[in-house]
Amino acid sequence: MKQSILKYICLIILAICYSNSAKAQDEDLQQKKERKARSSFKISAGVNVNGLNIDTTDDPISSDATIGYNLGVSYKRGRFFYYEIGARLNSRPYDFSNSFNSSDTFSFKTTGIDIPLSLGLNLTSFADRLVGVRVFVSGVPSFTTSKNIETALDSEDEIEDFIFYGQLGVGVDIAFFFVELGFNYGFNDMVNTIGSNPSQGYLNLGFRF
């Protein structure tokens with residue numbers, strides 16, 4: 001009789017231990033899934049359309065839309081609300097023309113490293129790993145790394161080495177693939193001798209993992 005009771009007690013203890021172990025494994029697996037759902041690394045490439053908002057009060061020069069490119073990496077964390085930090089190589093060409101003489105044109109090109117710091121809202125966080133629609137706002141410090149100018153400017157010193165951009169955008173995530181469309185506006189002048197706030201629209205394609 002005593003042996004039977006001891007066997008029952010041992011079986012109960014083993015069952016409890018197994019149940020606790022299985023529960024702990026399920027919780028650990030769930031936590032891993034949650035961590036994976038909340039964090040991702042992203043790589044992207046895209047095209048951008050650039051222009052300068054030139055103060056034309058005393059000057060007939062206008063800025064034409066030009067196409068450049070960008071390459072970026074970033075880290076995103078969060079579900080419904082999220083933050084994202086990244087680095088982006090951004091090539092920005094600019095073309096100009098004289099409003100009174102269309103043959104009077106010049107251009108310059110800058111390449112910079114952008115550091116987008118974003119806060120976003122994932123509108124479909126319940127299906128984050130499958131499909132998602134996001135909106136985000138960013139502050140983007142940009143450091144100019146190279147300048148290529150024509151004789152229209154006296155020197156490279158006329159082009160600013162630092163621009164701070166504000167950014168608005170929307171993103172669509174489909175499994176490991178994403179598309180982002182956004183607009184950047186520079187809060188200081190690109191050319192320090194005239195009013196010339198830069199603006200940029202962009203379309204990026206990339207992968208997240």
Residue by residue through the range 38-47, what is 3J(HN,Hα) from phi via Karplus (6.51 cos²θ - 1.76 cosθ + 1.60, θ = phi - 60°)? Round to whole Hz and write x for glycine and proline.
8, 10, 7, 9, 10, 10, 8, 9, x, 10
Just subtract the alpha-carbon distance of residue 123 and residue 146 from 0.36 nm times their residue separation and send over the number in nm, one decimal.
4.4 nm
³J(HN,Hα) computed for each position of the range 109-126 - Karplus, 6.51 cos²θ - 1.76 cosθ + 1.60, integer Hz, glycine/proline x:
9, 10, 10, x, 9, 8, 10, x, 10, 10, 10, x, 10, 8, 6, 10, 5, 5
With every protein chain kept in place and a 1.4 Å probe, the residues 176, 136 fall, from largest accessible area down, as 176, 136
Note to self: with every protein chain in place and a 1.4 Å probe, the range 130-189 gives an accessible area per residue in Å² of 53
Would you kindly derive the ³J(HN,Hα) couplings of the range 176-187 from the backbone phi angles with the Karplus curve 6.51 cos²θ - 1.76 cosθ + 1.60 (θ = phi - 60°), listing them in order in whole Hz, with x for Gly and Pro?
8, 10, 9, 10, 10, 10, x, 9, 10, 10, x, 8
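The values are calculated or read from the model by the stated rules, or taken from the named source; none is laboratory data. Keep in mind the model is a prediction, meaning the values are calculated, not measured. Note: accessible area is taken over every heavy atom of the protein model, side chains too, but ligands, DNA and RNA are not part of it. Shrake-Rupley method; radii C 1.70, N 1.55, O 1.52, S 1.80 Å.
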